């Protein structure tokens, strides 16, 4: 389908004219008969310059906040002797007297201290363990101070905030932040969900530049956490309310990683960590079996370091690296109940149709490297160049064993699909009318070698000249993923089965049948032995997936003062482009054996037993004697006897055409933002409007009957919109802040809809086609919060509402000429059934967030008690309206923890509670009136506990040990309707291994 693009940024001319007039008017407000004060604010204990320290002129209502290098500047100060006050959470306020002369700049640097930490002396005198012992307190102070002085609603978390994250996964680091929940893949954090909004609608960036993510090989927008590491970041910002200067694709919010900078340090710093990782499943120091059919070590080494070097006041660099190598394990137990009347069941009287046991051992290697250079060639100009490389290498050897009752239907003289006898504790399989049994026992192993890397280069030029500030920033990021199998000596998939058997499920329990009996022709078959199975077919799948992103933006800001009110006007333009390209080489062979006949005696699987993976505990009480398929031996058999395998050329042709897709998206943006401070700094208002235009071009499958045309369906579309926002922060009292914010954001359709795909089937007169003309989700967001700041902590509560328009839904309708014209199809298909996705409705997400953290550093308490800190936060969500794309919605998340740090020892316990998570709406068939039976599938709530402990010999050497999910919590899934019996509601349990890390660390 071809669309005509409107003129690019047709509204930019009007917006640019407004911007020019406003900036020109702002220049008239410049003050000349005044002076300037500037300087830097330092934490002498850590050597860090402090971001967002508030420096104010006492009794004058003038203030400024430090940047990431600790630098501040206060302009238009009345000449004379003035008193400066500086405040930063967790430190004692300081004052200084400064003499200001007209037309000149006075310098005033501050070195903050904390009497509670370091005593009453004027100089910071540190115990030899104090730097390490207060790492957590500094992290908490950064988070609280950033939230306190932010222009919008956000959370900021320092990289040391929640203890050690050995693999550097930012998801494990962020799961304790209010409003954040995680998606997991085989026990590893894979994606971020913000305030219930799926990850594909939330931006992830570094230094404001969105990062590339090849993800797996789907066509979604989801940002995968595989190839991004916390080791490259100084802190993480989770933004929840909108500013005009930010991109509008933040339906739930946005996440920004702030890279390390040498200008944030007053002296060099080297941090190192060396460790070993292992899991609760296998911690033998010798090699043991798996993943796959190899013998491997399960205790793996890793390490990381970072070095920050401010060479001079005007030049410095940063270097960091991480290497992580871990073995993990996930197991599934999945009973599937049949409810549909078409298969002899009902909502109130279901039967156990099938059962699957899945065993997923995996090894994951991550590497990450970063080099950053900071340079100030002359005072007004600061340059920053950053390069980051990350790689991800995964091998997973999935074993799957299934007992399946056939659910095929047809005329009465062909099949009776229902079991002959069943109740909630027993199920016996039915038969075909010809007497053949209707169940199959099969192994369907799936081995994957997945590897890829991400390169990101970013640069920024920031300048300041009097009341003017400007910046030009840009980045290039490319992420690639490769899936391979035969290159590494194995097939990716096989179907190995015992066909047409009778399967009896007895003593059916919640998680699994108590016993499973398989018989063929009256003879009981030992389903744990591969000698009773035949090889049916094998598969190879090679995939190349690439994601490339370009980012560029320019901003200009002018501070102004009008009528005694301080403010600023800021304008900017931005551009970003994303290219997603995927290709596939998929092959399928049917196995015939030496005699060329399928599924007979000479097709036995006896010779492909994975002998390196015997006697493994599968969990859930199943015998360790199960023999699993070796896909390596199966590939060796293919290389020895290729004539025993029959290649399915048609399948390869179709699958490769289906898997080849391309999308190119360009987005242009511009904004106008203004801010003002009133009531002597007690109230600040920030608001404005953003304009964005999106242009998409996609290529995907065109199928006409049996003809598959690779990238034969072309599509293009464009749309634009205005996104206003405003926020008000009001200091009710010195430590009590009220915030209110409104912003409009959008969530663009998944690439799967934008990429063209049309399947036209003449035999059934049906059309299935994607809809690139879907409008994006758009949301009007309101945030309210009340925050009370303690001496070393915060108590806050807030509420938010997201009113979302243009929710998606899929429908089948009769194609008329108007509909065919809309999709660019010939009128010859008029009257056919056409299925596509459309904008159909609205949804509303509302929620409450509460947060508390406090260090018990009260003078009245003994010194050893002051080392305790506690935190707790929670998010409670409600969803109304369309739920089609809310399949990751979690209604409640609660985090809490306690930590202790004193002298040589530190310890931490962090709990994470995930409430019910919506999955989908399963098909239970129809009721007696022919109406669909309403049912929902969701996960049950689960609580996980992480623990860290550290013992310090010196600040250069400490021992640490941590465990993730040490309570070994299982994740259960259920399907519930109004009337299905309790015994049939459970349908899956996931068991994860506990991951442990032990090592040494230190700081110079």
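Bear in mind these aren't lab numbers, they're just calculated from the coordinates by the rules spelled out. The structure displayed is predicted, hence computed values, not measured ones. Please note: Cβ atoms are built from the backbone with ideal geometry, for glycine as well, and neighbour counts cover all protein chains shown.
A few remarks follow.
- The stretch 776-807 and the stretch 300-376 have Cα centres separated by 29 Å.
- Beta bridge orientation in the chain: antiparallel %, DSSP, nearest 5: 95 percent
- Rough spin-label spacing in nm, given labels placed 7 Å along Cα→Cβ, for residue 898 and residue 812: 5.9 nm
- The stretch 199-337 shape via C-alpha gyration tensor axes, a/c threshold 1.5: oblate
- Per residue, the average separation of C-alpha pairs within less than 8 Å and at least 6 apart gives the chain a relative contact order of 11 percent.
- Which label in (1) 31.2, 105; (2) 35.8, 111; (3) 28.7, 80 gives the computed Rg and Dmax of the Cα atoms in Å: (1)
- Length added when fully stretched, residue 601-residue 835, from 0.36 nm per residue minus Cα-Cα: 79.8 nm
- Percent of C-alpha pairs per 5 Å bin, the stretch 691-767, short to long: 3, 11, 14, 11, 10, 9, 8, 7, 6, 5, 5, 4, 3, 2, 1
- Near-label residues of the stretch 758-797 by backbone N, under 15 Å of a point 7 Å along Cα→Cβ of residue 844: 779-783
- Residue separation of residue 953 and residue 95 scaled by 0.36 nm, minus their Cα-Cα distance, works out to 305.2 nm of gained length.
- Sites residue 641 and residue 828 - FRET efficiency at Förster radius 56 Å, r taken between beta-carbons, to 0.05: 0.70
- Three-way shape label, the stretch 285-342, alpha-carbon gyration tensor, a/c 1.5: oblate
- Residue-averaged [θ]222 nm for the chain, counting only DSSP H segments that reach four residues, each worth -39500 (n - 2.57): -2000 deg cm²/dmol
- Once the gyration tensor of the Cα atoms in the stretch 34-119 is diagonalised, the equivalent ellipsoid follows with semi-axes of 23, 13, 10 Å, ordered largest first.
- Shown is the FRET efficiency for residue 868 and residue 393, computed with R0 = 45 Å from the Cβ-Cβ distance and rounded to the nearest 0.05: 0.65.
- The stretch 650-727 and the stretch 886-923 have Cα centres spaced 32 Å apart.
- Neighbour-count order for 826, 261, 716, fewest beta carbons within 10 angstrom listed first: 826, 716, 261
- Euclidean distance of C-alpha centroids, the stretch 48-66 and the stretch 88-111, integer Å: 8 Å
- Sorting the segments 512-525, 345-358 by their mean number of nearby beta carbons within 10 angstrom, highest to lowest, gives 345-358, 512-525.
- Along each principal axis, Cα extent of the stretch 640-714, largest first, Å: 86, 32, 16
- Label zone at residue 921, where the point sits 7 Å out along the Cα-to-Cβ direction: the stretch 334-351 residues whose backbone N lies under 12 Å: none
- Paramagnetic reach from residue 104 (point 7 Å along Cα→Cβ, amide N under 20 Å) across the stretch 74-94: 74-84
- Note on residue 455 and residue 507: with the Förster distance fixed at 56 Å, the Cβ-Cβ geometry gives a FRET efficiency of about 0.50.
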